[in-house]
Amino acid sequence: MRKPTPHPSGAKPPKLSKNLIPNHVAVVMDGNGRWAKQRGLPRTAGHEAGEAALFDLVEGAIEIGVKEISAFAFSTENWKRSPEEVKFLMGFNRDVIRRRLDDMHELGVRVRWAGRDRKLWKSVIDELERAEKLTVKNKVLTLNMCVNYGGQAELVDAMQKIADLIKSKKLSPDQITEKTILANLYEPKIQPVDLFIRSSGEQRTSNFLPWQSVYAEMVFMDVLWPDVTRKTLWKAIEEYNKRDRRFGKA
Ligand code: FPP
């Protein structure tokens, strides 16, 4: 096990009591393409630059005490991008997991995959499953890699599983509750999202974790993903603490 490496600037997380730290942070890594375009580089160079941002954020999450991060690494809608970019992102996801796995394990990070297997490259699934197996006992933080993930696809797949249970008489329709839906999602153990962040200034969720984010606080940040650091996360957590979370209560 190793402790997180401090940020090169020497920055330390704000001191907040435990109840002020979001348990689960969902992250939409947006703006890689624009970051690359500003520099006259291909979009893929932006994705490459975005890798360091994700793993700096993970170290900063551990430092401040966040227990779960969900990263939107490839969506079920991203197949609509150019064949070249899709091919790049598939290989990139596989290589990022492979490259970072030992270090994540050292940090005590548990890696999980949430997503649809249909269409996803087998080499990506193999790498994700290897990561899940190696890190299954880690408890410092859980990193949900959402690869070939779409919130609507997740609900469709859950409905199909529930319909099969009904067909085989293992369940009756009046027994369906929120718990039944949750149990049939890709990763039933994913906790409710407390803080949902998106970089690049776009203010939408783009089909990311809709079931899990119903009471999430949304923080949209005007920074392109490759420029994100753990300090961006800490700032978002300070914003989160200005919010009044009522969960429907008066
Ligand atoms: C969602 O916005 C963004 C994603 C699904 C992430 C795309 C992948 C990367 C940025 C690669 C980064 C991966 C790693 C491992 C560092 P969208 O662009 O699908 O949504 P929109 O079309 O609504 O803007």
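Tabulated results
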item: Residue among Glu127, Glu132, Glu154 that alone is over 30 Å from Arg2 (Cβ atoms), part of a helix (DSSP H, G or I) and not small (Gly, Ala, Ser); result: Glu154
item: Top-ranked residue of segment 137-174 - restricted to ones that are under 17 Å from the mean Cα position of the chain (by Cα) and of a type in the set (Val, Ile, Thr), ranked as least open to solvent (accessible area, probe 1.4 Å); result: Val147
item: Selected residue (criterion: nearest to the ligand (Cβ to nearest atom)) from residues of segment 131-172 that are under 30 Å from Asp102 (Cα atoms) and among the acidic types (Asp, Glu); result: Glu154
item: Gln191 being within 28 Å of Leu16 (Cα to Cα), open to solvent by 60 Å² or more (accessible area, probe 1.4 Å) and polar (S, T, N, Q); result: yes
item: Boolean, Asp174 is free of Cβ contacts under 8 Å to residues at least 60 places away in the same chain, part of a loop (DSSP other than H, G, I, E, B) and more than 14 Å from Met29 (Cβ to Cβ); result: no
item: Matching residues, segment 96-130, being within 13 Å of the ligand (Cβ to nearest atom) and among the hydrophobic types (A, V, I, L, M, F, W, C); result: Val96, Ile97, Leu101, Met104, Val111, Trp113, Ala114, Val124, Leu128
item: Residue in segment 70-89 that is over 20 Å from Leu128 (Cβ atoms) and of a type in the set (A, V, I, L, M, F, W, C) present; result: no
item: Filtered residues of segment 44-71 (kept if more than 7 Å from the ligand (Cβ to nearest atom) and more than 18 Å from Pro8 (Cβ to Cβ)); result: Thr44, Ala45, Gly46, Glu48, Gly65, Val66, Lys67, Glu68, Ile69, Ser70
item: Test result for Asn93, surrounded by 16 or more Cβ atoms within 10 Å (Cβ to Cβ), more than 12 Å from the ligand (Cβ to nearest atom) and in contact (Cβ under 8 Å) with a residue 12 or more places away in the chain; result: no
item: Residue satisfying all of: in segment 1-38; farther than 24 Å from Met218 by Cβ and within 16 Å of the ligand (Cβ to nearest atom); least open to solvent (accessible area, probe 1.4 Å) among these; result: Ala36
item: Any pair with Cβ under 6 angstrom, 6 or more apart, that starts in segment 33-60 at a residue that is within 17 Å of Ser200 (Cα to Cα) and ends at one that is open to solvent by 60 Å² or more (accessible area, probe 1.4 Å); result: Gly33/Arg43; Ala36/Arg43
item: Neighbours by Cβ (under 8 Å, 6+ apart or cross-chain): first from segment 103-125, more than 17 Å from Asn144 (Cβ to Cβ) and open to solvent by 10 Å² or more (accessible area, probe 1.4 Å); second modelled with pLDDT of 95 or more and of a type in the set (D, E, K, R); result: Glu106/Arg2; Trp121/Arg94; Ser123/Arg94
item: Members of segment 206-250 found to be touching a Pro at 6+ places or on another chain (Cβ under 7 Å) and surrounded by 17 or more Cβ atoms within 10 Å (Cβ to Cβ), listed by number; result: Gln212, Trp234, Ile237, Tyr240
item: The one condition in (1) more than 20 Å from Thr229 (Cα to Cα); (2) touching a residue at least 60 places away in the same chain (Cβ under 8 Å); (3) away from the ligand (no atom under 14 Å from the Cβ) that Phe74 fails to fulfil; result: (3)
item: Filter result (among the polar types (S, T, N, Q) and open to solvent by less than 50 Å² (accessible area, probe 1.4 Å)) within segment 175-188; result: Thr180, Asn184
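The values are calculated or read from the model by the stated rules, or taken from the named source; none is laboratory data. Fair warning: this is a prediction, and the values are worked out from it, not measured in the lab. Neighbour counts run over all protein chains shown; Cβ positions are idealised from the backbone, glycine included. Side chains included, ligands, DNA and RNA excluded: accessible areas come from the protein's heavy atoms. Shrake-Rupley method; radii C 1.70, N 1.55, O 1.52, S 1.80 Å.
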